[in-house]
Amino acid sequence: MSAESATLPVGTIVHGHGAESSHGSHHGSGHGHDPNVAHQFDDAAQQHESVLLGMWSFLATEVLFFGGLFCAYLVYRTTSPLAFTLASQHLNVILGAVNTGVLLVSSLFIALAVRESQLGNGKRVNLYLLGTILLGAVFLLIKGYEWTTDYHEGLIPFAKNFQIPEHNLDEMAHNATPAGRFKLFWVLYFFMTGLHGIHVIIGLVMFGIVMYVVKKRTQTGKSYSNLVEVTGLYWHFVDIVWVFLYPLMYLIHPITGGGGHH
Amino acid sequence: MSTHVHSSSTAHSVAPNSSSDEPLNYLTNGHTVKSWLLTLDHKRIALLYLAGVVFFFLVGGVMASVIRMELMTPGGDVLYSPDAYNRVFTVHGVVMIFFFLVPSVPGVLGNFLLPLMIGARDLAFPKLNLLSWYIYIFGGVSALLIVLLGGIDTGWTFYAPFSTTFSNSLVVPAAIAVFITGFSSILTGLNFVVTTHTMRAPGMTWGRLPLFVWAIYATSLIMVLGTPVLAVAIALIGVERAFGVGIFDPALGGDPILFQHLFWFYSHPAVYIMLLPGMGVINEIIPCFARRPIFGYKAMAGAMLGIAVLGFVVWGHHMFVSGQSMYAGLVFSFLTFFVAVPSGIKVFNWTSTMYKGSVNFDTPMLYAIAFIGLFTIGGVTGLMLASLGVDVHLHDTYFVVAHFHYVMVGGTVTAFLGGMHFWWPKMTGRMYPEIWGKLSAIVVFIGFNLTFFPQFLLGYLGMPRRYYEYPGEFQVLNVLSSAGASILAFGFLMPIVYFALSLKFSPKAGPNPWRATGLEWETSSPPPTENFASTPVITTEPYNYSPEDSERAPWDPFGSTTPEEVAHVG
Amino acid sequence: MNTHATHNSSDHHPHVMSVQMNLVIFAALMVLLVLTVVAAYTITGGWGILVAMVIATVKAALILAYFMHVRFGSKLQLLFAISAFFWLALMLGITLLDYISRGWLSIDGK
Ligand SMILES: [Cu+2]
């Protein structure tokens with residue numbers, strides 16, 4: 001680096017040539033060429049790339065956030081597979097599959113909403129978003145139904161009526177598996193599906209806001225495609241989390257016919 | 001000399017600074033409280049962070065003073081109970097780590113310098129930046145309220161099952177405060193990562209980025225990828241404590257070592273969140289005051305990324321004496337030794353940069369040299385602790401305490417102070433009193449070593465950490481340490497006082513008082529709100545220093561340089 | 001990326017995926033969903049989890065590549081996505097290393 005650079009003048013700055021000299025006003029607001037571009041960005045392309053990367057960084061954080069819980073799951077399942085198998089058999093495979101389908105359809109809707117936003121069809125964007133919100137609500141309703149059933153079966157570890165079913169206790173005792181691990185499955189199940197549910201709710205609220213913004217901006221002719229694209233990324237991520245949660249929670253040696261009733 | 005003339009004239013053409021009608025700079029552009037508390041300017045947010053970290057540094061410092069007072073005598077006499085002592089060192093640790101060290105260099109210098117160094121008007125997400133600060137302050141104030149309401153006694157590590165089952169203190173509120181503060185860190189990291197990728201001015205290629213930017217980038221990766229795991233670990237502690245479902249309780253089927261895995265997956269890399277930005281500061285100071293291009297630019301940038309990545313696979317070295325498997329211990333020990341490679345590259349390259357340079361011992365350089373020495377001691381003792389057999393003896397003793405203070409205080413705090421002196425003229429437009437600066441660097445160096453070197457000996461002799469009473473034979477070394485702490489405290493208070501006074505009494509700094517390279521020196525001091533009058537275009541390599549332009553003779557400790565060689569240096 | 005110095009393919013003209021393509025990906029996802037349920041009932045023993053995870057990973061990859069436009073976006077997005085899962089693998093893998101290697105040495109408590 002040194003030999004050639006010594007010949008160059010130190011700290012050379014070539015100043016704004018032509019097109020960029022308009023940036024030079026005092027309060028950073030002089031580059032008002034495009035009302036869709038925030039003042040810190042030079043142009044729409046830079047803004048687009050930045051907001052996308054921002055969301056991708058956030059999703060990387062989210063992967064590790066859920067990852068900590070997957071780590072706990074992995075450790076406890078690896079060290080006591082029997083307890084996890086027995087506990088998992090109390091979940092309803094069909095309802096879980098239906099919910100996976102519901103989220104996959106919603107992901108399709110979002111993908112189509114992004115497409116329409118790129119094409120500038122605000123009305124269709126909002127139609128797809130509305131569809132997603134409804135599907136998200138269906139997902140939550142099904143989840144709520146499952147959780148209620150779990151409560152009646154005494155499977156919510158945070159509730160007073162939690163009780164490990166007798167036959168599960170016997171089987172674990174036979175195989176020298178600590179019964180606490182059965183409870184830990186349910187702790188992780190509710191923690192992870194609960195956290196996932198919170199993400200779904202946040203997503204629905206967000207889409208509600210996005211719908212409002214899209215409607216406003218369709219009238220004023222401002223751009224909204226970045227917003228739809230970024231919130232869409234978030235929603236696909238929420239879907240991906242569930243894609244892993246479903247087999248890990250519901251499909252450990254499932255029993256035909258769904259929930260194990262007693 | 002040509003450097004001086006050229007760069008200052010350039011700066012004048014960037015932002016004309018004629019004294020007749022002073023153009024607005026970021027400090028004078030708005031005087032209301034609102035213009036500060038709702039600012040989206042990264043430079044003002046940096047100053048908000050400065051206020052925050054100084055405040056929390058003082059809080060943590062008061063706690064440190066109480067600890068050192070308590071430990072002056074073998075008996076417990078300053079604090080009324082061992083339990084109170086537990087609360088004091090926990091507050092010291094939590095405040096210093098989460099509310100001072102982690103946000104210090106990134107929050108203040110990173111925020112201020114990153115857009116300036118890459119030639120941008122601001123960070124990619126200014127509103128998110130302000131939100132980060134508010135989350136940080138909210139978390140910090142909550143933590144202080146918790147202290148006032150009774151505090152916590154788990155140590156900053158929140159180890160289960162003590163934190164989940166046995167502690168009688170406010171673990172859940174404290175966990176929530178740390179959880180919330182984590183998001184400040186995540187959002188800052190996210191903002192910096194995106195900014196580095198998308199906001200660079202034309203010509204500012206990755207190979208021309210100042211190494212401070214590389215450091216901030218590497219740090220941000222850790223913030224984004226590590227912090228969420230801490231959040232989950234802490235959330236699980238909260239759930240376990242609130243419901244007692246047995247997540248980490250062996251009696252109920254849980255595994256406390258799992259908590260340690262999750263906790264250290266973040267908290268070892270967090271060491272590098274605290275240290276890497278400090279290294280970045282040193283990377284800027286040393287070439288400037290040695291008047292030499294940094295030795296091995298690519299190796300330096302690579303070493304920082306290497307540290308960030310390797311730092312994620314060594315966490316188990318905190319768990320050698322837990323129930324972790326011996327094989328895992330072997331792997332972790334082996335990998336930990338690997339971290340010494342990039343760290344060593346950095347130390348050697350800093351010293352190589354100085355060699356045959358024209359070394360100027362201004363305050364920032366004194367702090368930087370102190371950093372190299374203290375960090376080296378901290379790093380090498382880290383290798384001792386990474387050795388399985390040695391760690392059995394030294395685990396949880398004062399040796400560990402001394403080791404991480406050499407890295408965190410001797411490293412990060414020293415670098416932070418060096419950086420504050422280096423960029424103070426840029427941030428405020430004023431110089432600081434050089435004589436007092438030099439004095440503070442020397443007092444900090446002496447006070448620091450006197451405080452923490454005896455702790456290596458104490459630990460080696462077997463004094464465990466986190467006890468408020470100890471056998472009489474340890475008293476001499478403890479008194480030495482406490483005496484050093486009072487000198488150190490004095491050294492830390494001095495800059496706060498003279499920095500404050502300099503705002504009124506010190507001479508104005510030009511755009512580039514150090515004749516430094518780097519975009520931040522090409523704009524006026526203090527910079528205008530939009531940073532640069534027009535988007536800069538970069539055509540030169542970084543660290544264009546040469547010893548010949550200095551008035552001083554090159555530093556040549558071995559006397560091996562002939563005049564011809566000097567001429568070819570740089 | 002630096003919008004002045006280097007021109008990025010993803011800028012200005014974001015890739016618009018056809019409705020047909022969206023439907024194909026969706027159909028593939030639904031087929032995989034059915035497949036994972038069927039596999040859970042038919043494959044017993046240790047392979048079950050492996051098959052389930054492979055299917056889930058393929059599903060996630062499809063969503064990432066097409067619905068999330070990683071295939072058409074900048075390389076950077078791919079890099080971010082990969083690093084996230086790489087870091088997750090580091091955490092899971094190394095933690096698991098501890099648990100599976102416990103008791104390999106005949107030393108008490110190790
Ligand atoms: Cu460590």
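Selection of segment B:249-260 for residues being more than 30 Å from B:Ile216 (Cβ to Cβ), within 32 Å of the chain's Cα centre (by Cα) and within 11 Å of another protein chain (Cβ to nearest Cβ) yields B:Ile257, B:Leu258, B:Phe259. Once segment B:336-357 is narrowed to residues that are touching a residue at least 40 places away in the same chain (Cβ under 8 Å) and among the hydroxyl-bearing types (Ser, Thr, Tyr), the residue that is farthest from B:His268 (Cα to Cα) is B:Tyr355.
Close contacts from segment B:397-411, counting a first residue that is closer than 13 Å to B:Leu461 by Cα and a second that is among the small types (Gly, Ala, Ser) and open to solvent by 10 Å² or more (accessible area, probe 1.4 Å), with Cβ to Cβ under 7 Å and a gap of 6+ residues or different chains, come to B:Thr397/B:Gly462. Cβ-Cβ distances below 8 Å connect the following pairs, each with a first residue in segment B:360-382 that is modelled with pLDDT of 95 or more, a second residue that is acidic (Asp, Glu), and a separation of six or more residues or different chains: B:Thr363/B:Glu434.
Having 3 or more residues that are of a type in the set (Val, Ile, Thr) and within 28 Å of A:Glu62 (Cα to Cα) is the bar; report the helices (runs of 4 or more DSSP H) wholly within segment A:116-233 that clear it. Passing ranges, in order: A:122-152, A:180-220.
Of the residues C:Leu23, C:Leu35, C:Leu29, C:Leu50, the single one that is modelled with pLDDT of 90 or more and open to solvent by less than 70 Å² (accessible area, probe 1.4 Å) is C:Leu29. The set of residues from segment B:139-181 being in contact (Cβ under 8 Å) with a residue 24 or more places away in the chain and of a type in the set (Ser, Thr, Tyr) comprises B:Ser142, B:Thr154, B:Thr157, B:Tyr159, B:Ser163, B:Thr164, B:Thr165, B:Ser169, B:Thr181.
Of all residues in segment B:43-84, those satisfying the criterion of being of a type outside the set (Val, Ile, Thr), more than 22 Å from the chain's Cα centre (by Cα) and part of a helix (DSSP H, G or I) are B:Arg68, B:Met69, B:Glu70, B:Pro82, B:Asp83, B:Ala84. Assessment of segment B:403-417 against the conditions (open to solvent by 10 Å² or more (accessible area, probe 1.4 Å), under 30 Å from B:Leu50 (Cα atoms) and touching a Pro at 6+ places or on another chain (Cβ under 7 Å)) yields at least one matching residue.
Across segment A:195-223, which residue is most open to solvent (accessible area, probe 1.4 Å) among those that are more than 10 Å from chain B (Cβ to nearest Cβ) and within 20 Å of A:Leu248 (Cα to Cα)? So that I can check it myself, show each step before the final result.
Residues of segment A:195-223 more than 10 Å from chain B (Cβ to nearest Cβ): A:196-223.
Those still in the list that are within 20 Å of A:Leu248 (Cα to Cα) too: A:196-200.
Working: A:His196: 1, A:Gly197: 7, A:Ile198: 92, A:His199: 16, A:Val200: 0 Å².
Going through the qualifying residues, I end up with A:Ile198.
Might you check whether a residue that is at pLDDT 95 or above, more than 12 Å from chain A (Cβ to nearest Cβ) and either assigned to a helix (DSSP H, G or I) or buried (at least 23 other Cβ atoms within 10 Å of the Cβ) (or both) occurs anywhere in segment B:222-230? Looking for residues that are at pLDDT 95 or above, more than 12 Å from chain A (Cβ to nearest Cβ) and either assigned to a helix (DSSP H, G or I) or buried (at least 23 other Cβ atoms within 10 Å of the Cβ) (or both), one finds none in segment B:222-230, hence no. Checking each residue in segment B:362-379 for being open to solvent by 10 Å² or more (accessible area, probe 1.4 Å) and hydroxyl-bearing (Ser, Thr, Tyr) picks out only B:Thr376. Kindly check whether there is at least one residue in segment B:304-325 that is without any contact (Cβ under 8 Å) to a residue 24 or more places away in the chain, open to solvent by less than 10 Å² (accessible area, probe 1.4 Å) and either within 16 Å of the ligand (Cβ to nearest atom) or touching a helix residue (DSSP H, G or I) at 6+ places or on another chain (Cβ under 9 Å) (or both). Yes.
Can you find even one residue in segment B:289-301 that is at the interface with chain A (Cβ under 8 Å from one of its Cβ atoms) and assigned to a helix (DSSP H, G or I)?
Start the filter on segment B:289-301 by keeping residues that are at the interface with chain A (Cβ under 8 Å from one of its Cβ atoms), which leaves B:293, B:297.
Narrowing the set further to residues that are assigned to a helix (DSSP H, G or I) leaves B:297.
Yes: segment B:289-301 contains one or more residues that are at the interface with chain A (Cβ under 8 Å from one of its Cβ atoms) and assigned to a helix (DSSP H, G or I).
The set of residues in segment B:479-518 that are at pLDDT below 95, surrounded by 15 or more Cβ atoms within 10 Å (Cβ to Cβ) and of a type in the set (A, V, I, L, M, F, W, C) comprises B:Ala509, B:Trp514, B:Ala516. Screening A:Trp147 with (1) away from every other protein chain (no Cβ under 11 Å); (2) crowded, with 23+ Cβ neighbours inside 10 Å gives one miss only, at (2). Criterion first (more than 16 Å from the chain's Cα centre (by Cα) and under 15 Å from A:Asp150 (Cβ atoms)) does A:Phe191 satisfy it? Considered against the rule, which asks whether it is more than 16 Å from the chain's Cα centre (by Cα) and under 15 Å from A:Asp150 (Cβ atoms), A:Phe191 comes out as no.
Restricting segment B:292-303 to residues that are open to solvent by less than 10 Å² (accessible area, probe 1.4 Å) and touching a Ser or Thr at 6+ places or on another chain (Cβ under 9 Å), the residue that is farthest from the ligand (Cβ to nearest atom) is B:Ile294. Among the candidates A:Asn161, A:Asn121, the residue that is over 30 Å from A:Tyr76 (Cβ atoms) and open to solvent by 10 Å² or more (accessible area, probe 1.4 Å) is uniquely A:Asn121. Exactly one residue out of B:Phe348, B:Phe263, B:Phe243 is more than 14 Å from the ligand (Cβ to nearest atom) and either within 14 Å of chain A (Cβ to nearest Cβ) or under 18 Å from the mean Cα position of the chain (by Cα) (or both): that is B:Phe243. Taken over segment A:75-113, the criterion of being under 16 Å from A:Trp186 (Cα atoms), part of a helix (DSSP H, G or I) and more than 10 Å from chain B (Cβ to nearest Cβ) is satisfied by A:Arg77, A:Thr78, A:Pro81, A:Leu82, A:Phe84, A:Thr85, A:Leu86, A:Ala87, A:Ser88, A:Val93, A:Gly96. Going by the structure shown, is C:Phe72 open to solvent by 50 Å² or more (accessible area, probe 1.4 Å), more than 7 Å from every other protein chain (Cβ to nearest Cβ) and of a type in the set (Phe, Trp, Tyr)? Yes; evaluated as a whole, the condition is true for this residue. The set of residues in segment B:26-47 that are surrounded by 19 or more Cβ atoms within 10 Å (Cβ to Cβ) and of a type in the set (D, E, K, R) comprises B:Asp41, B:Lys43, B:Arg44. Give segment B:418-440 a look and list any residue that's surrounded by fewer than 24 Cβ atoms within 10 Å (Cβ to Cβ) and of a type in the set (S, T, N, Q), or say none. Across segment B:418-440, the qualifying residue is only B:Thr428.
Being buried (at least 24 other Cβ atoms within 10 Å of the Cβ), within 22 Å of A:Leu188 (Cα to Cα) and more than 16 Å from the ligand (Cβ to nearest atom): is that true of B:Gly238 here? Break it down into steps so the answer makes sense when it comes.
On the way: buried (at least 24 other Cβ atoms within 10 Å of the Cβ): no; within 22 Å of A:Leu188 (Cα to Cα): yes; more than 16 Å from the ligand (Cβ to nearest atom): yes.
No.
Kindly check whether there is at least one residue in segment B:274-288 that is out of contact with any Ser or Thr (no Cβ under 7 Å at 6 or more places or on another chain), within 14 Å of chain A (Cβ to nearest Cβ) and over 27 Å from B:Thr381 (Cα atoms). Yes, segment B:274-288 contains a residue that is out of contact with any Ser or Thr (no Cβ under 7 Å at 6 or more places or on another chain), within 14 Å of chain A (Cβ to nearest Cβ) and over 27 Å from B:Thr381 (Cα atoms).
In this structure, does B:Phe338 turn out to be within 14 Å of the ligand (Cβ to nearest atom) and open to solvent by 40 Å² or more (accessible area, probe 1.4 Å)? Working first, answer last.
Numbers: within 14 Å of the ligand (Cβ to nearest atom): yes; open to solvent by 40 Å² or more (accessible area, probe 1.4 Å): yes.
So B:Phe338 fits the description; yes.
Apart from one condition, B:Ala124 fits all of (1) part of a loop (DSSP other than H, G, I, E, B); (2) within 12 Å of chain A (Cβ to nearest Cβ); (3) open to solvent by 10 Å² or more (accessible area, probe 1.4 Å); the exception is (3).
The values are calculated or read from the model by the stated rules, or taken from the named source; none is laboratory data. As the structure is a prediction and not an experimental result, all values here were calculated from the model. So basically every Cβ, Gly included, is an ideal-geometry build from the backbone, and we count neighbours across all protein chains shown. What goes into the accessible areas is simple: the full protein's heavy atoms, side chains included, and nothing from ligands, DNA or RNA. Shrake-Rupley method; radii C 1.70, N 1.55, O 1.52, S 1.80 Å.
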